[in-house]
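To start, the structure itself, in structure tokens.
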Amino acid sequence: MKKLGLFLTSVVLLNAGLSHAGPIEDQIKYRQSAYSFIGWNTNKIKVQLDKPETFSKEEVIAAANAIAAAANSGLGALYGPGTDQGEGWRKTRLKPDFFQKPDEAKKLATTFNLEANEFAKVAETGDPVQIKVKFGKLTQSCKACHDSFREKDPK
Amino acid sequence: MQKQKIQIWDLPIRLFHWLLVITIALSYLTIEIGGAWADWHARLGALALGLIVFRVLWGFFGNQQARFSQFFPTPSRLIQYFKGQWQGVGHSPLGGLAVFALLGLTGIVVVTGLFANDDITLFGPLYPLINQSLSDWMTGIHAIAFNALLIFIALHLLAIAFYWFVKKNNLIKPMLTGKKDLQISHQTAQPKTKPAYFFISIALALLIVWLTFGNVLTDLLATKPTAQVPSSQNQW
């Protein structure tokens, strides 16, 4: 009984200390929504880069700012303990590894944030060549995390 | 008995083989690096599709050693081979089995790749024809079939090493030069296929690549609008 009490207290304290955004399903939902939104904006930029003759600087800047805003919104709050299991809009593909290698997870997450903010700066120049190079870096930072912490096949 | 140099692998076969080697290696490399290189993964996919379609056609219309009927591994041929009684030119029945495995797996990788996505910026040319969950499934098969292909490539290389070191038979040189020293007893002049068959095979391969990667099929078959990414044309 004492042990159970101690366990429950520690669970409560742990969760209080980490301030994650609500129930597991909510965290996964917000997460999936955020990345889906980021994906939309990423592909808006890709369309611009693929068609240099109709390249729209404004479209790229708007999309870049949207990605940076999502990246800066504190997505880390959506990765509470236990969120490698569960269903948001659909089953999460987060690997349990994410919680076993917190240093690597943090590194990949901050790299993405850094690249998103760098990209927003470069987008302002309106130079397709520079933008393309930085865009490659940005999408590589997406891929790095997918490779390490996302299940290949949807569950 | 005299030995004579005989052409066993024709130029199209050799070009196919080495171009496919390069294509597979670069496809792997470009998708591993990702980022801007992902575009090249798709371009290499177009090349791989063309190569595979050509090879299948060449298996019916090509020169003798290229034809599937020549080396199709029927049970009786395999039994003959394992008894050490097989005597032929070109792929042995066991080698034929390997050819079908390698070609089949490459075919699966190429075709699933047409529908696959990397959930970042890379979408196969036929992605618009299916829904995302089916595309995700295809992406999974794409990866599994590629890993299986790597295993068969490893077996292929081991077999070549076995022939090289144990049977003292260099299989690499004929794949470069096309020629092999053979006893002439059982081999006379090789019938050649018609040149027109080569050009028809190439033309059909190009046609298939154009239909898929030129967005022709998607424009014809897509049930939903294929305008890919909704963009902010609206003022809000």
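Structure notes:
- q = 0.14 Å⁻¹, chain B: log10 I(q)/I(0) [Debye, one scatterer per Cα]: -0.99
- Note on B:Phe61 and A:Thr125: their simple-model spin labels are 5.0 nm apart, each label 7 Å out from Cα toward Cβ.
- Using just its DSSP H runs of length 4 or more, each adding -39500 (n - 2.57), chain B gives a mean residue ellipticity at 222 nm of -20500 deg cm²/dmol after division by all residues.
- The distance between label points at B:Lys194 and B:Leu11 comes to 2.0 nm (points 7 Å beyond Cα on the Cα→Cβ vector).
- Per-residue 3J(HN,Hα) values for the stretch B:74-84, derived from phi via the Karplus relation 6.51 cos²θ - 1.76 cosθ + 1.60 with θ = phi - 60°, read 6, x, 5, 5, 5, 4, 4, 5, 6, 7, x Hz in sequence order (x marks Gly and Pro).
- The alpha carbon radius of gyration of the stretch A:63-155, expressed as a multiple of 2.2 N^0.38 Å, is 1.19.
- For a label point 7 Å along the Cα-to-beta-carbon line of B:Leu182, residues of the stretch B:120-160 with backbone N under 13 Å: none
- Here the Kirkwood formula puts the hydrodynamic radius of the protein assembly as shown at 24.8 Å, using every distinct Cα pair.
- In the stretch B:1-115, the C-alpha radius of gyration followed by the widest Cα-Cα span (Dmax) gives 17.0, 59 angstrom.
- Measuring r between the beta carbons of B:Phe100 and B:Asn215 and using R0 = 41 Å, the FRET efficiency lands at 0.80.
- Whole-Å semi-axes of the stretch B:47-148's equivalent ellipsoid (Cα gyration tensor): 35, 15, 9
- Placing pseudo-labels 7 Å out from each Cα toward the beta carbon at A:Arg90 and A:Ser36 gives an inter-label distance of 1.0 nm.
Each reported figure results from applying straightforward, stated rules to the coordinates on display, with no laboratory input. Only a predicted model underlies this, so the values are computations on that prediction, with no experimental measurement involved. Heads up, the Cβs are rebuilt from the backbone with ideal geometry, glycines too, and the neighbour counts pull from every protein chain shown.
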